[in-house]
Amino acid sequence: MIKRGSIYIFTILVLLFVSCESSAPEISVVHWQLILVNDLERNIQYEKLSVFLQASDEDGEKDLDQIYVINDENELYWEIGSAQWTTMERDGSKWYGYSDFTMYDKSPFPRGKYRFMVTDVSGERDEKEIFVNIDRLDPAKIKFPSISVKDEKFYVDTEYENVMTIIYDANNRYINGNIIEYDVTPIREFPDFTSLYAGRRNKLFLYVVTDGGYGLLNGPYKDLIQQ
């Protein structure tokens, strides 16, 4: 015979266990891209990796803790915390990521298999694998999109379609981005005019995607608009 007190204690222990049990995060989709950067400020070219994960956790968004990028073959790994990553919402889904993973010496990323992992505060995790096999681009053979100002107009020189502006503030925080519709645009009709005019320390980059899916980023352009 089981005493009522024993049953009560057993029930409480079960409830405590269930209430403290943590749900593992889940990665639904991984979006990644290699980007060739032409850094006008430091006069260097290098690759960077952009990674965004469509992830969820039944314990809530705040339970997500770290994102890892791992290349086992070359014993490489990167990690960022929730304070560093960018959060975006598209079609009702949350995406978490970071667009500035680089090799420590700015060399090209090794091609091969990478693991993308997300962990929560309790150490539960989920991961996805991808294979980076995009051919390396020779910066010397690439014509990056460029922009200039003359006679109160912006002139964009590019051989690519769908050139996009990306604006960062002085602390490299993303402000906004827009597609440039015309090669020649009056300054006050430029889609990012307000951001550039209001913050002279803001930096503009031009971004395109090649036919092979490789990203090209040129900048920063600063003080394009003189107050």
### Query
Which shape class, rounded, prolate or oblate, goes with the stretch 26-132 when its Cα gyration tensor gives a ≥ b ≥ c as root eigenvalues, a/c under 1.5 marks rounded, and past that a/b bigger than b/c marks prolate?
prolate
## Note on the structure
Length gained if residue 211 through residue 39 is fully extended, taking 0.36 nm per residue and subtracting the Cα-Cα distance, is 59.7 nm
### Message
At 0.36 nm per residue, and after removing the present C-alpha to C-alpha distance, how many nm does the segment from residue 115 to residue 183 gain when stretched out fully?
### Response
20.5 nm
### Task
Describe numerically, in nm with one decimal, the distance between label points set 7 Å from Cα along Cα→Cβ at residue 173 and at residue 106.
2.6 nm
#### Entry: the stretch 26-132, relative contact order [Cα under 8 Å, separation at least 6], %
29 percent
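The numbers here are math on the coordinates, done by the rules we state, and not lab data. Since the model is a prediction, treat every value here as computed from it, not as a measurement. Virtual Cβ from ideal backbone geometry, glycine too; neighbours counted across all protein chains shown.
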